[in-house]
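Peer 1: Quick one: the structure is below, and I'll ask about it shortly.
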Amino acid sequence: MWRQHLAKPSLRLYQRQCALTSKAVRVHQLHSTSTGFTDRCYDDLYPGHIHTTPIQKALLAVGSGVAALQNPYRHDMVAVLGETTGHLALINLRDRMRNDPEGNAILTERPRIRLSTLDLSKMASLPDGSFGREYLRFLEDNHVTPDSRADVKFVDNEELAYIMQRYREVHDLLHTLLGMPTNMLGEVAVKWFEAAQTGLPMCALGAVLGPLRLNARRLQSLFTSLGPWALQNGRRSRCILSIFYERRWEQSVEDLRQELNIEPPPITLSATNKKSTKKYE
């Protein structure tokens, strides 16, 4: 909390941060209230696209960055930050996908990972250890759903916008592959992997600042085992966006890790709340 008797320069800085955060929140309100295929914010790039100038993108990046730092679980602000800072990284990811036959097929077919596109009954019937069954178990154990990922709005290129959307939708699949839950330590480990793998500034920021929220015991686990493992595997693994995961549900997690050149995690982390009985119908 800010104290009442602040120096004027500090007060002005705080007021600027509040103003930027307010702008980011207002943009998010527009972002979240126009999720359908409407014409209100559609300027022919893709449905829902909101055109912004470089100055507007900079303001959005700073404002959403401040909000995300205050609350890392504000996925809406993290999404805006990623869209407004990731242009060069998205170009690099697009080139890697184009140079991979499977990745190029994804760019052509544009699959989406949503509850409406998943056969949950079939995934539940798969044997333990299969990628589809372990992904479904991850969703249940961690109280998450693929439908929570916001649609891209601020990327000024249709193909790059899809790549950003694909990155968001495979994030939970990556948690499954890496064996990481959605608690803070698990999220930071995944961000270290993603930063090395994708080069997205949003991931790098999360990798740098995320450890500040860890206690001493978890920091030790991160810096001595999980962190080095995540960085090494992120650098050397095959492009995670070039995998047609929808066609790999029956493949074992072990085999898929070997194919992607990803080693098993050095330690096992449990889900945030293992007592949950929530299911996806």
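Peer 1: State which residue is farthest from VAL152 (Cα to Cα) when the search covers only region 105-123 and only residues that are free of Cβ contacts under 8 Å to residues at least 40 places away in the same chain and in a helix (DSSP H, G or I). Walk me through how you get there before you give the answer.
Peer 2: First pass over region 105-123, keeping only residues free of Cβ contacts under 8 Å to residues at least 40 places away in the same chain: 108-109, 116, 118-119, 121.
Next cut, in a helix (DSSP H, G or I) only: 108-109, 116, 121.
Values: THR108: 18, GLU109: 18, SER116: 18, SER121: 29 Å.
So, considering only residues that are free of Cβ contacts under 8 Å to residues at least 40 places away in the same chain and in a helix (DSSP H, G or I), the one farthest from VAL152 (Cα to Cα) is SER121.
Peer 1: Only one of THR21, THR53 is at pLDDT below 50 and not aliphatic (A, V, I, L, M); which? Before you say what the answer is, go through the steps one by one.
Peer 2: Values: THR53 fails: at pLDDT below 50.
Just one listed residue meets the conditions, THR21.
Peer 1: Give me the pairs, please: first residue somewhere in region 238-267 and open to solvent by less than 20 Å² (accessible area, probe 1.4 Å), second residue anywhere and of a type in the set (Lys, Arg) and in a helix (DSSP H, G or I), beta-carbon distance under 6 Å, and either six or more positions apart or on two chains.
Peer 2: Every condition considered, the pairs that remain are CYS239/ARG96; LEU241/ARG166.
Peer 1: Does LEU88 fit the bill of being within 30 Å of GLN56 (Cβ to Cβ), part of a helix (DSSP H, G or I), open to solvent by less than 40 Å² (accessible area, probe 1.4 Å) and among the hydrophobic types (A, V, I, L, M, F, W, C)?
Peer 2: Against the criterion (within 30 Å of GLN56 (Cβ to Cβ), part of a helix (DSSP H, G or I), open to solvent by less than 40 Å² (accessible area, probe 1.4 Å) and among the hydrophobic types (A, V, I, L, M, F, W, C)), LEU88 does not qualify.
Peer 1: Hey, does region 214-221 have a residue that's under 27 Å from ARG96 (Cβ atoms) and either surrounded by fewer than 18 Cβ atoms within 10 Å (Cβ to Cβ) or under 19 Å from the mean Cα position of the chain (by Cα) (or both)?
Peer 2: No, region 214-221 has no match at all.
Peer 1: One residue is enough: does region 121-132 have a residue meeting the conditions surrounded by 13 or more Cβ atoms within 10 Å (Cβ to Cβ) and closer than 22 Å to ALA150 by Cβ?
Peer 2: No, region 121-132 has no match at all.
The values are calculated or read from the model by the stated rules, or taken from the named source; none is laboratory data. If you're wondering where the values come from, they're calculated on a predicted model, not measured in any experiment. Cβ sites come from the backbone with ideal geometry, for glycine too, and all protein chains shown count toward neighbours. In case anyone asks, the SASA skips ligands and DNA or RNA and just uses the protein heavy atoms, side chains included. Shrake-Rupley method; radii C 1.70, N 1.55, O 1.52, S 1.80 Å.
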